[in-house]
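Working notes, beginning with the structure itself.
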Ligand SMILES: *Cc1c(COP(=O)(O)O)cnc(C)c1O
C-alpha cells in the first residue's frame, strides 16, 4: 500500500511484495506446469475462475503475477499481464479486441512485425487495416471509419524514431469510441507513460529494455483490468505463455530498469550529438536532438529519449555496411535494449526477408544504421562511433 506514491526505483523493487509473499529475499521460481488442489471443491472453484488462483501455468503462474504487479504500477495501469514475446502481446491483444469486419489503424513507420500483422495477418482474418503517416496530426482521425475498433501506436517508432502525438490521438479516439494500444518498448515507463496521456493499453517487447540483459524473450500488456481480462481469455487459447524461469529473469531485470534507463538516455544523446557533426553522416534520427523535426512534441510527452538512434551514412548502402563493420563496441545484431551496444543495417537484414517493395514501403532508407546504445562508458562509445565514421569517410574520400 502507498506504493503508487513512490518513485519508479522503489516500485521496481517492492510493487510485487504482496504477490505470493514469501520470506525469501529473492522471489522463488515456480517452475511448474500445474498446481494441485486440496479437494474436489477447491479444484472446481479454481477451474471456474483460474485468474489469481494456482491452477495451470498457461492460465497463470506466481512469477507472471509478480512481473505484472510491477509493470502495472510502473505504467500507472490498473492491471498487467505477461506473454511469451512482444509479438505474442500484440497478436493476443488484437485477437482479443477485434473481429472479422472490423477495421484497425496503424502507423506507416512501425516495428516490422507490427507492420506485417497489419499488412498480412489481419486482412487474412477479414479485418481491414490502414497505415497512416503518424507525423501528420490529422491522419488518424481521417482514417477512422464506423468499423474502426482499434488504433495501434508506437512512439518513438522503430527504426526511424518518429514521434506520435499520443495525447491528441488518444483524445480523438476516445470521442470516436475507438481503443488505443501503444507500443512503449523504446521509451519504457521511465521515459513515457502513455496511460497518463490518455492511451487505453500499453504493450512492450519486454525482451528489450524491461528485461535489459538480452537473455529473455517476453512481452507485457498493461491497461484496464476489464479489457485485459478479455485479452487474457485469448491468451489462454493461443497459449503463448512465458516460462516461469523467464518471468523470474524478467522480474530480476526490471528491478534495475530505473538505474539503467538514464544511462541509455545519456549514451543515446551523446552518440546522436557526436555523429550529427560528422561529415560521413548525412542525417541523425534521435528525438533528443533539437534538430529532430518533432523534438518539441517528444519533449512534451517524454522525460528522456532512450538509447536508440538511427544514422544515415552519406556514402549510401555500402558505407552503412562498412560503418557497422568498423565498430568495436557494438555487436551486429537485430535486438536492442540490453546493457551491450548493438548495431543493425535494416536494409541488409531485410534483403532476404522482404520484397524490394516492402522495404521501400517501410520508408527506411538503404543507408540507415540503427544504433542501440548499451550502458557502457559514454566516452568509449563516442570514441568508437567517431573512429568508425572517420574510417568510412577516409575510404570514401580515397575512391
Ligand atoms: C522487438 C520489438 C518488438 C517485438 O518484440 P519481440 O519480443 O521480439 O516479440 C515490438 N516492438 C518493438 C518496438 C520492438 O523493438
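Each value in this text was obtained by applying a stated rule to the coordinates, not by laboratory testing. Fair warning: this is a prediction, and the values are worked out from it, not measured in the lab. Don't worry about glycine lacking a Cβ; one is built from the backbone with ideal geometry, like all the others, and counts go over all protein chains shown.
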Query raised in the report: When the Cα centres of the stretch 305-378 and the stretch 186-259 are compared, how far apart do they sit, in Å?
Result: 25 Å
Requested in this report: Using only alpha carbon pairs under 8 Å that are at least six residues apart, calculate the relative contact order of the stretch 83-212 and give it in whole percent.
Outcome: 24 percent
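Just the projected area, averaged over all directions, of the convex hull on the alpha carbon atoms of the chain: how many nm²?
Working: hull surface 81.9 nm².
Across all orientations, the chain yields a mean hull projection of 20.5 nm².
Arranged by the count of other C-beta atoms within 10 angstrom, fewest first, what order do 392, 71, 344 take?
Listing 392, 71, 344 from fewest to most nearby Cβ atoms yields 344, 392, 71.
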**Report entry** Percent of Cα-Cα distances greater than 19 Å, calculated over the stretch 164-286
**Finding:** 60 percent
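Arrange 303, 149 by Cβ neighbour counts within 10 Å, fewest through most, would you? Before the final figure, lay out the partial values.
Working: 303 14, 149 17.
Listing 303, 149 from fewest to most nearby Cβ atoms yields 303, 149.
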Report summary line: Checking rank on 249-262, 154-167, with mean other Cβ inside 10 Å and highest first, the result is 154-167, 249-262
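Quick one: compute the contact order of the stretch 265-399, relative version, from alpha carbon pairs under 8 angstrom and 6+ residues apart, as a percent. Provide the component values of the computation, followed by the final result.
Numbers: 231 pairs, mean separation 41.1, N = 135.
It rounds to 30 percent for the stretch 265-399.
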Query raised in the report: Taking the chain as a Gaussian network, where each spring joins two C-alpha atoms under 10 Å apart, which residue of 300, 205, 85 fluctuates the most?
Result: 300
Query raised in the report: Just 38, 141, 340 to compare: in a GNM of the chain, with alpha carbon springs under 10 Å, which one fluctuates most?
Result: 38
Query - For the stretch 11-47 versus the stretch 123-156, the gap between their alpha-carbon centres in whole angstrom - result: 40 Å
Query raised in the report: Fewest first, what order do 203, 36, 350 take by the number of other Cβ atoms within 10 Å?
Result: 36, 350, 203
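What do you get for Rg/Rh of the stretch 259-396 when both radii come from the Cα atoms and Rh is the Kirkwood radius?
Numbers: Rg = 14.4 Å, Rh = 15.1 Å.
We get a ratio of 0.96 for the stretch 259-396.
Pairs of Cα atoms under 8 Å, at least six residues apart: use those to get the relative contact order of the chain, whole percent. If you can, show how the numbers build up before the last one.
Numbers: 803 pairs, mean separation 64.5, N = 399.
Reported as a whole number, the value is 16 percent.
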Query raised in the report: Using a Gaussian network for the chain with springs between C-alpha atoms less than 10 Å apart, which of these wobbles most: 383, 57, 92?
Result: 383
